[in-house]
1. Has the stretch 251-269 got at least one residue that is away from the ligand (no atom under 15 Å from the Cβ), of a type in the set (Ser, Thr, Tyr) and under 16 Å from Thr226 (Cα atoms)?
2. Please name all residue pairs, on different chains or six or more residues apart, with Cβ atoms under 6 Å, provided the first residue is in the stretch 134-154 and is more than 14 Å from Asp294 (Cα to Cα) and the second residue is at pLDDT 90 or above and among the acidic types (Asp, Glu).
3. Here is a list of conditions, (1) touching a strand residue (DSSP E or B) at 6+ places or on another chain (Cβ under 9 Å); (2) within 11 Å of the ligand (Cβ to nearest atom); (3) part of a helix (DSSP H, G or I), and Met445 meets all of them except one; can you say which number that is?
4. Being within 13 Å of the ligand (Cβ to nearest atom) and out of contact with any helix residue (DSSP H, G or I) (no Cβ under 9 Å at 6 or more places or on another chain) is the filter here; which residues of the stretch 111-132 pass it?
5. For residues that are within 14 Å of the ligand (Cβ to nearest atom) and crowded, with 22+ Cβ neighbours inside 10 Å, scanning just the stretch 155-190, find the one that is nearest to the chain's Cα centre (by Cα).
6. Taking the stated definitions as given, is Ala113 in a helix (DSSP H, G or I) and within 30 Å of Val453 (Cα to Cα)?
7. With the condition kept exactly as written, say whether any residue in the stretch 458-471 is aromatic (Phe, Trp, Tyr) and assigned to a loop (DSSP other than H, G, I, E, B).
8. Report every pair of residues separated by at least 6 positions or lying on different chains whose Cβ atoms are under 6 Å apart, first residue within the stretch 418-434 and assigned to a loop (DSSP other than H, G, I, E, B), second aromatic (Phe, Trp, Tyr).
Amino acid sequence: MDTATLCWYSGLLFGLLPLLLQIIWHWNDLLFLAKLKLRYGLSENSNGGGHRLPPGQMGLPFLGETLRFLWYFKIARRPDDFINSKKQKYGEGIGMYRSHLFGKPTIISCTPASNKFVLQSPDFPLKWITPELLGVKSMFNAEGTQHARIRSFVVDAVNRPDSLRRIANVLHPTVAAALCSWSEKGTIAAYSEIKKMTFKNTCKMFVSIEPGPLFEALDKYFNGTTPGIRAYPLNFPGTALHYALKCRRKLTAVFRREVERRRKGRSEGNHESKDLMDGLMDIEDEEGKHLSDDEVVDNIVSLVIGGYESVTLTSTWALYLLSKSPQVLQKLREENMAVGKRANGDPITFEDISKLKYTAMVVEESIRKANIVSLLCRVAKKDVEYKGFRIPKGWQVLVWIRSLHTDPKYFDDPMSFVPERWDVPVKPSGYQGFGAGPRICAGNMLARLQITVILHHAVLGYKWKLVNPDAKIKYLPHPLPCDGAVMDFAAL
Ligand code: HEM
């Protein structure tokens, strides 16, 4: 090779190649900034504020930062470092960063104030990839007055003291029986056992369906539907979404038959209001209109989905964390024994539960530490300005609630399980485990009650020990020990 050719190739290698790599690396930034310039022209202050986007990096063409996200969540198993690395690189600033995730231009929000700003604003509605799975007429998909109407009823039915008092009595027998059966087995995978128990309770509370063939069918259909909610939107035989939609149609058919059966009973004069489905059928607005059958069915399905996996995961984490914190477990046991004894062997009442102050702190700390919901997803309905930066219309907005719960600024020693921290009020909005704003969890008190009842029965009668205390943790789709928290479970 002559000198001229060598120079040419060296120039290419040391000049063009790095340039090309830089262009690829910054491709999405260049592309989306150019699109915004075209959309708004060169004026700095067209509606929505300046052109400045929050700091960040939108990554590779098409992929954006998705591989980086997956690396931190799936391979490195250090999910918090995804955001921490941004904080280190760009500073904390306004608490927002730009990115490109799961195929969409994205703004990530990660401080109490910026999260609240997004979650409280009507400019950032919730958009599901496949709304049919939760139900197009469910509270999760409803907006405005329809959302407020359904929400107020559901909150009445599952979250207020009167309803909780009744529900507490429904929970005790199932929990007591399940724990007894675990101790007979000796070794259990806590996640799957708690899931079975929580599903039983949920079916009982919401639709009064007891174990039997119909219950088994529902279990199968719900287990098939749930994974579809976050599945890749590919719908052909063999994909998770295709199967989920098939199971969802079966759920609709089962619950529609149930609604029709109840309507027939009502027309024959048998009107009783014993569960959530009856309650939904009873809703009447100012004009005397009731929910349609589709609305009742969609809300029942979505509430079961919203309620039972979340309680299962958090309760699993509570048992896991307690097994690693003997002193906390001891204090918890003492408090529950005191109340348990006073109730003279009968299951504790809702009033007793409200006296379990330390237990309430353990439940709250479990919810914070478990972080079963890492982030909430919204879409910008229009251009929005936040502290001088633009959130462009149509962009995905990810509210990273997990980053608050693991930040020493809001919780001292955040990675430790310290229920006592709940003895004093948390820093404003530092805790968003149930979300914030108009869509804050409609079942948060029900969730707390269910976890409390499980812990109460567990500490009164049983001891447990993790079989694999160092099992790896998986973080997607939700945090969980990889072995499902296998433990030896025995009567005290
Ligand atoms: C520890 C357990 C639970 C956790 C951590 C949890 C967490 C959350 C979070 C973070 C949201 C906000 C979603 C968003 O803004 O996009 C939410 C909403 C919701 N949750 Fe829960 N949840 C739990 C248990 C339950 C239970 C037991 C129910 C059953 C009734 C329930 C029903 C709902 C409903 C209906 C919404 C939507 C509210 C609306 O759109 O107005 N959740 N939950």
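The values are calculated or read from the model by the stated rules, or taken from the named source; none is laboratory data. Only a predicted model underlies this, so the values are computations on that prediction, with no experimental measurement involved. A quick note on method: Cβ atoms are made from the backbone with ideal geometry, for glycine too, and the neighbour counts reach across all protein chains shown.
1. Looking through the stretch 251-269, at least one residue is away from the ligand (no atom under 15 Å from the Cβ), of a type in the set (Ser, Thr, Tyr) and under 16 Å from Thr226 (Cα atoms).
2. Pairs found: none.
3. (1)
4. Pro125, Lys127, Pro131
5. Residue satisfying both the conditions and the ranking: Val158.
6. On the way: in a helix (DSSP H, G or I): yes; within 30 Å of Val453 (Cα to Cα): no.
No; evaluated as a whole, the condition is false for this residue.
7. At the first step, the residues of the stretch 458-471 found to be aromatic (Phe, Trp, Tyr) are 462, 464.
Next cut, assigned to a loop (DSSP other than H, G, I, E, B) only: none.
No, that holds for no residue.
8. Pairs that qualify, where the first residue is assigned to a loop (DSSP other than H, G, I, E, B) and the partner is aromatic (Phe, Trp, Tyr), are Lys427/Tyr410; Gly430/Tyr410.
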